[in-house]
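No lab work stands behind these numbers, since they all come straight from the coordinates. Keep in mind it's a predicted model, so treat the numbers as computed, not measured. Note that we place each Cβ from the backbone using ideal geometry, even for glycine, and neighbour counts take in every protein chain shown.
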Amino acid sequence: MEIIEAYFRDYKHHPENFNPTFLVNDILRFWKTLCLNYEHKRNKRDDKKAIKQKIKNLKLKFSRMLTCFGSIVAIIDHEKNVEPGVLIDLAAKTPRARLTDVVGRYPCLKHHMDTINTEYSWFLQLTNIPEDELIEAFKDQGVKSDAFKRADKFGSAMFNIVKYIAEERGYLRYLLI
């Protein structure tokens with residue numbers, strides 16, 4: 001609660017048009033930090049470590065992306081008077097539930113959410129095996145190639161949802177600049 005309140009310290013001065021842009025910015029920074037940390041570690045590896053890094057990259061492209069951008073979509077979908085209690089309620093939901101709730105209000109985004117659900121379910125099934133088995137599977141170039149094609153499909157669907165909601169709610173500028 002204290003963390004959320006810190007992002008809302010200006011709310012009392014602007015309750016009718018408050019946007020938690022600093023929170024959204026920090027989530028975006030967290031996403032970029034995850035990407036940078038992955039890239040830094042990627043350059044220090046042997047064969048087994050290289051495969052482990054590919055698996056981490058895949059997890060970045062699925063679960064970490066869903067965590068960050070599912071949260072961003074849920075935050076920016078609210079009208080200008082977002083209250084701290086809204087974020088407390090959002091924090092109690094899973095990232096997928098946050099995203100599903102928002103997309104449910106926009107029928108034109110259903111096919112993107114269907115793609116996210118299909119690809120994320122596939123990802124969970126793939127990664128729900130012992131690490132040694134997953135490493136062995138990733139030695140197969142076909143498995144690895146398919147995994148990253150599916151991650152790209154997942155990422156494109158996420159992008160389309162984020163872009164649509166950001167444009168609808170006048171938030172695109174804050175995500176880019």
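For region 127-144, taking the residues that are touching a residue at least 60 places away in the same chain (Cβ under 8 Å) and among the aliphatic types (A, V, I, L, M), the one that is farthest from residue 161 (Cα to Cα) is identified as 135.
When the test is whether a residue is closer than 17 Å to residue 25 by Cα, in contact with a Lys or Arg (Cβ under 9 Å, 6 or more places away or on another chain) and without any contact (Cβ under 8 Å) to a residue 60 or more places away in the chain, residue 172 passes it.
Here 139, 110, 144 are screened, and the one residue that is touching a Gly at 6+ places or on another chain (Cβ under 9 Å) and not polar (S, T, N, Q) is 110.
Taking each residue of region 148-166 that is under 20 Å from residue 75 (Cα atoms) and looking for partners that are among the basic types (Lys, Arg) and buried (at least 17 other Cβ atoms within 10 Å of the Cβ) with beta-carbon atoms closer than 8 Å, six or more apart or interchain, yields 155/61.
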